[in-house]
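Undergrad: Please see the structure below; I have some questions.
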Amino acid sequence: MAEAAELRERLRGVKHIVVVLSGKGGVGKSTFSALLAHGLAADEGKQVALLDVDICGPSIPKMMGLEGEQVHQSGSGWSPVYVEENLGVMSVGFLLSSPDDAVIWRGPKKNGLIKQFLRDVDWGEVDYLIVDTPPGTSDEHLSIVQYLSASHIDGAVIITTPQEVSLQDVRKEINFCHKVKLPIIGVVENMSGFICPNCKKESQIFPPTTGGAEKMCQNLNVSLLGKVPLDPQIGKSCDKGQSFLSEVPESPATSSYRNIIQRIQEYCDQHHFQEEKII
């Protein structure tokens with residue numbers, strides 16, 4: 001109980017918490033988390049925090065242009081590493097001596113670090129805390145849900161690609177959310193077609209053989225937040241540690257991202273309003 005009170009106290013200044021999940025690896029979950037953080041932080045009046053709990057494969061430092069940065073400790077705890085004045089990041093990647101170091105830890109040690117990130121990082125007053133998780137439904141996910149239940153989670157955004165191999169794991173992820181009573185904000189279909197920059201025709205690189213995320217969302221009564229087309233510039237921007245949204249503002253993928261981010265903001269505002277009514 002004392003631990004829950006400690007976590008609640010530390011996270012008291014956090015208004016909204018969004019957890020980003022995926023069933024499979026490689027579907028663009030960390031990319032989505034990074035761009036969601038950039039998109040929300042575009043409003044300079046909002047304070048945004050990005051927490052990377054993908055302990056064995058932390059890619060957020062690279063994507064946010066923070067590779068090689070170190071975590072600093074102050075009297076009030078660990079300080080996040082800031083990309084902008086209103087965008088702070090915390091990742092296990094900042095604790096490794098080299099980006100190539102492997103983290104070979106069993107569950108309890110991973111859980112301990114997640115708890116430490118939540119308890120010891122001085123997040124301050126934050127409008128949005130985005131949590132980037134590893135793929136699947138394992139220790140890290142249970143820890144995040146358990147520790148954050150002391151505070152509140154607005155909900156989860158689940159990332160998939162259109163093909164059935166990815167969707168079958170998303171169905172498991174949705175079941176996981178129901179079992180642990182984690183609200184689902186919605187699903188994002190990533191790599192959803194490729195629009196040729198020359199002829200502007202769309203090709204399905206990953207064909208939605210069973211109807212894609214759209215049909216799955218209808219069947220499971222979950223919101224489809226949007227579809228993001230493939231754009232080679234997304235990968236380039238991530239590798240350079242730059243925000244794709246500001247680097248390539250005219251891309252169809254950018255407008256998809258902006259619409260999805262707006263829907264997440266609207267959901268969080270509505271959620272906050274409902275909580276205030278209950279209080």
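The values are calculated or read from the model by the stated rules, or taken from the named source; none is laboratory data. Since this is a predicted model, take the numbers as computed values, not measurements. So basically every Cβ, Gly included, is an ideal-geometry build from the backbone, and we count neighbours across all protein chains shown. Accessible surface areas use protein heavy atoms only, side chains included; no ligands, DNA or RNA. Shrake-Rupley method; radii C 1.70, N 1.55, O 1.52, S 1.80 Å.
Undergrad: Let me have the 222 nm mean residue ellipticity of the chain computed from DSSP H runs of 4+ only, each contributing -39500 (n - 2.57), with the sum over all residues rounded to the nearest 500.
TA: Roughly -12500 deg cm²/dmol at 222 nm, from the helical runs in the chain.
Undergrad: Working from Cα positions, state the angle (0 to 90°, nearest 10) between the long axis of helix 139-148 and the longest principal axis of the chain.
TA: Value to nearest ten degrees: 60.
Undergrad: Do any trypsin sites (Lys or Arg not before Pro) in the stretch 120-183 lie in a DSSP loop with no more than 11 other beta carbon atoms within 10 Å, and if so, which? Don't skip to the answer; put the middle values down first.
TA: On the way: sites: Arg171, Lys172, Lys179, Lys181; in loops: Lys181.
For trypsin sites (Lys or Arg not before Pro) across the stretch 120-183 that sit outside H, G, I, E and B with at most 11 neighbouring Cβ atoms in 10 Å, the list reads Lys181.
Undergrad: Starting from the 7 Å offset along Cα-to-Cβ, what nm value, one decimal, do you get for the label separation of Asn219 and Cys199?
TA: About 3.3 nm, to one decimal.
Undergrad: For the chain, give the percent of accessible area contributed by carbon and sulfur heavy atoms, probe 1.4 Å, rounded to a whole number. Present the calculation step by step, with values, prior to reporting the outcome.
TA: Numbers: 6460 of 13200 Å².
Whole-percent figure for carbon plus sulfur exposure: 49.
Undergrad: Enumerate the residues in the stretch 53-88 having an amide nitrogen under 17 Å from the point lying 7 Å beyond the Cα of Asp122 toward its Cβ.
TA: Within reach of a label on Asp122, which here means backbone N under 17 Å from a point 7 Å along Cα→Cβ, the stretch 53-88 contributes 70-83, 85-88.
Undergrad: Here's another thing I want to ask about it. May I ask you to give the solvent-accessible area per residue for the stretch 129-279, in square angstrom, as obtained with a 1.4 angstrom probe? Spell out each step's value before the answer.
TA: Working: 7490 Å² over 151 residues.
Each residue of the stretch 129-279 exposes 50 Å² on average to a 1.4 Å probe.
Undergrad: While we're on this one: With a 10 Å cut-off between alpha carbons and a GNM built on the chain, which of Gln47, Gln73, Gln242 moves the most?
TA: Sorting by GNM fluctuation, first place goes to Gln73.
Undergrad: Extension gain Glu164-His178, at 0.36 nm per residue separation less the Cα-Cα distance, in nm? Walk me through the numbers on the way to the answer.
TA: Working: separation 14, 0.36 × 14 = 5.04 nm, distance 2.10 nm.
Roughly 2.9 nm would be gained on extension.
Undergrad: Nearest 10 degrees, 0 to 90: what angle lies between the long axis of helix 164-179 and the longest principal axis of the chain (Cα atoms)?
TA: 40
Undergrad: Taking 0.36 nm per residue of separation and subtracting the Cα-Cα distance, what length does fully extending Trp105 through Arg12 add? All intermediate terms of the calculation are to be shown ahead of the outcome.
TA: On the way: separation 93, 0.36 × 93 = 33.48 nm, distance 2.99 nm.
So the chain would gain 30.5 nm between Trp105 and Arg12.
Undergrad: Sticking with this structure for a sec: If each of Ala42 and Arg171 carries a label point 7 Å out from its Cα toward its Cβ, how far apart are those two points in nm?
TA: 3.6
Undergrad: Of the listed values (i) 26, 25, 17; (ii) 28, 22, 19; (iii) 37, 20, 17, grab the one calculated as semi-axes √(5λ) of the Cα gyration tensor in Å from the structure here.
TA: Label (ii) holds the value from this structure.
Undergrad: Quick one: go through the stretch 14-57 and flag any residue whose amide nitrogen is under 14 Å from the point 7 Å out along the Cα-to-Cβ line of Gln262.
TA: Within reach of a label on Gln262: 40.
Undergrad: Follow-up question, since we're still on this one. When the dipole is taken about the Cα centre of the chain, and only Lys, Arg (+1) and Asp, Glu (-1) are charged at their Cβ, what size is it in debye, to the nearest 20? Working shown, then result.
TA: Details: 26 positive and 35 negative charges, 170 e Å.
The calculated dipole for the chain is roughly 820 debye.
Undergrad: Students often check this: by mean Cβ neighbours within 10 Å, which of 86-94, 208-216 ranks highest, and how do the rest follow? Provide the component values of the computation, followed by the final result.
TA: Numbers: 86-94: 23.7, 208-216: 18.1.
Per-residue Cβ counts within 10 Å, averaged per peptide and sorted highest first, yield 86-94, 208-216.
Undergrad: If amide H atoms are built 1.01 Å from N in the plane of the peptide, which residues on other chains or at least 5 residues away come under 5 Å of the amide H of Val89?
TA: Leu50, Val81, Tyr82, Val83
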